[in-house]
Amino acid sequence: MNECELTAIRDAAARCIECGICETVQDEGCGCTPGMWGPFAHHIAEGASRGSIDPATERLLFTCSLCDGCTQACPVDISAAAVVREGRRVFHGQHPSARERWRPMMVDLAGNSFARLRAWRGISYDDAALDPRQPCESLFFPGCTLSTYGPELTMATFDYLASKHLADGMTALCCGNPLWGLGLKERGDAYASALSERLAMLDTQRIIAGCPNCYRALRQRQVNGLIAANIEISALPQVLVDAGARITAERSVAPDAETFCVYDSCSDRATRAFGSAVRELLPPGSWREMQHAGEDALCCGSGGMVSFYDVSVCQTRRTRCVGEFQETNADCLVTACVSCTNSMLRSGTPVSAHHYLELLFDTPIRWEAHRAASIELAQSDERNGMPAGLNDPILP
């Protein structure tokens, strides 16, 4: 880490007034250690200077969900998530071998978990494949989780967009967000540049982002100058609303549900681009609000790749979110992010939770098939060792 970047962390430490709001803004739902967050940036700066981050600071770095909840409430506008990402970068610089723990989320490599699961399950998007010789003015960008966990739903969505002349093609590439979240900034920037080159080759003018994380990450890369500023980045649910799509009462997915509770993704808190549109897709007056919604949304437990460090922290977050849903007495919990759906279903509490696209296109995600394939793939690796070629770049 160069001195300029370390100065940014020191600046955050200097501006912090240690008011404690960041530790209480989500009623300790994010698992902050009391007394740690106030001087947190100072601890990172000290650890960088002496060449070793202490265990307490390390734990807080890797149990942070990067949800920006405390950033939203900070009275002096410190981005805690930005500090954490830089802190992770410092830690990985000190402990290069430790990053192998998060290897499945290194989406710039052919061996990332999403690409390998799609290959293992025989999931292919050849019918929607992009011809590099043909321009693709409007590109459907479903994101890793939707394209991996719900291939049938992905194609149902793309077919609808194509039928309305809203999308010319789609790609199962990742937005690169996990790389920046892990603190692998240089690799994240390189991946964004390669993605930008692919978009330029296709003459893409519009990206329809199917995931709130992709929507935020791609827009951030535009701000950073890594993706062309002239490309319009649209939120899928708003595109669907504008096209006249609506969730109907007659469906096989959650057929008896009459009232819904929209679970807002924490990555959507700043723009509400997904949450607001999903509410418009639902039957009028059918939805109820959780205690924490909109800009106050809680992380579902999948944020920040915390599960690779301490899955029990994720479970605490999942349980809390499902508890808030149950307090609404709504029939069905509706998410705008497939990772959020997965988290709710893995809370340990029986819950009717569906991604809004499942309801809209009456096409369920086959979670049992996905989880069985995940177990099979992991067992295959244990028996045979990791296949060759997994370190190859996914984008040339």
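Of the residues screened, Thr63 is not one that is surrounded by fewer than 22 Cβ atoms within 10 Å (Cβ to Cβ) and at pLDDT below 85.
Cβ-Cβ contacts under 9 Å between residues 6 or more apart (or on different chains), taken from a first residue in the range 70-98 that is at positive phi to a second residue that is assigned to a helix (DSSP H, G or I) and open to solvent by 30 Å² or more (accessible area, probe 1.4 Å), are listed as Asp77/Arg15; Asp77/Thr71. Within the range 108-117, identify whether any single residue is assigned to a helix (DSSP H, G or I) and either open to solvent by 40 Å² or more (accessible area, probe 1.4 Å) or under 21 Å from Leu61 (Cα atoms) (or both), and answer yes or no. No, every residue in the range 108-117 fails to be assigned to a helix (DSSP H, G or I) and either open to solvent by 40 Å² or more (accessible area, probe 1.4 Å) or under 21 Å from Leu61 (Cα atoms) (or both). Among the residues of the range 182-230, the one identified as in a loop (DSSP other than H, G, I, E, B) and among the charged types (D, E, K, R) is Asp203.
Residue count for the range 45-100 satisfying the condition of being farther than 17 Å from Ser267 by Cα and of a type in the set (S, T, N, Q): 5. Between Leu226, Leu195, Leu173, the distinction of being in contact with a Gly (Cβ under 8 Å, 6 or more places away or on another chain) and aliphatic (A, V, I, L, M) belongs to Leu195 only.
Within 30 Å of Ala45 (Cα to Cα), among the hydrophobic types (A, V, I, L, M, F, W, C) and open to solvent by less than 10 Å² (accessible area, probe 1.4 Å): does that describe Cys175? The answer is yes for Cys175. Return a yes/no flag: does the range 153-166 have any residue that is of a type in the set (Phe, Trp, Tyr), part of a helix (DSSP H, G or I), surrounded by fewer than 20 Cβ atoms within 10 Å (Cβ to Cβ) and modelled with pLDDT under 95. Within the range 153-166, none of the residues are of a type in the set (Phe, Trp, Tyr), part of a helix (DSSP H, G or I), surrounded by fewer than 20 Cβ atoms within 10 Å (Cβ to Cβ) and modelled with pLDDT under 95.
Please verify whether Arg89 is touching a Pro at 6+ places or on another chain (Cβ under 9 Å) and part of a helix (DSSP H, G or I), treating the condition exactly as stated.
Numbers: touching a Pro at 6+ places or on another chain (Cβ under 9 Å): no; part of a helix (DSSP H, G or I): yes.
No; evaluated as a whole, the condition is false for this residue.
Contact map, the range 268-296: residues that are free of Cβ contacts under 8 Å to residues at least 24 places away in the same chain paired with residues that are among the β-branched types (Val, Ile, Thr), Cβ distance under 8 Å, separation 6+ or inter-chain. Pairs shown: Arg279/Val262. Of all residues in the range 223-239, exactly one satisfies the criterion of being open to solvent by 60 Å² or more (accessible area, probe 1.4 Å), touching a residue at least 24 places away in the same chain (Cβ under 8 Å) and not polar (S, T, N, Q), namely Glu232.
Do you know which residues across the range 118-128 are open to solvent by 20 Å² or more (accessible area, probe 1.4 Å) and either touching a residue at least 12 places away in the same chain (Cβ under 8 Å) or among the small types (Gly, Ala, Ser) (or both)? Listed by number, the residues that qualify are Arg118, Ala119, Trp120, Arg121, Gly122, Ile123, Ser124, Tyr125, Asp127.
The values are calculated or read from the model by the stated rules, or taken from the named source; none is laboratory data. Predicted, not measured: the structure shown is a model, and the values here were computed from it. All Cβ positions, even for glycine, are placed from backbone atoms using ideal geometry, and neighbour counts span all protein chains on display. Accessible surface areas use protein heavy atoms only, side chains included; no ligands, DNA or RNA. Shrake-Rupley method; radii C 1.70, N 1.55, O 1.52, S 1.80 Å.
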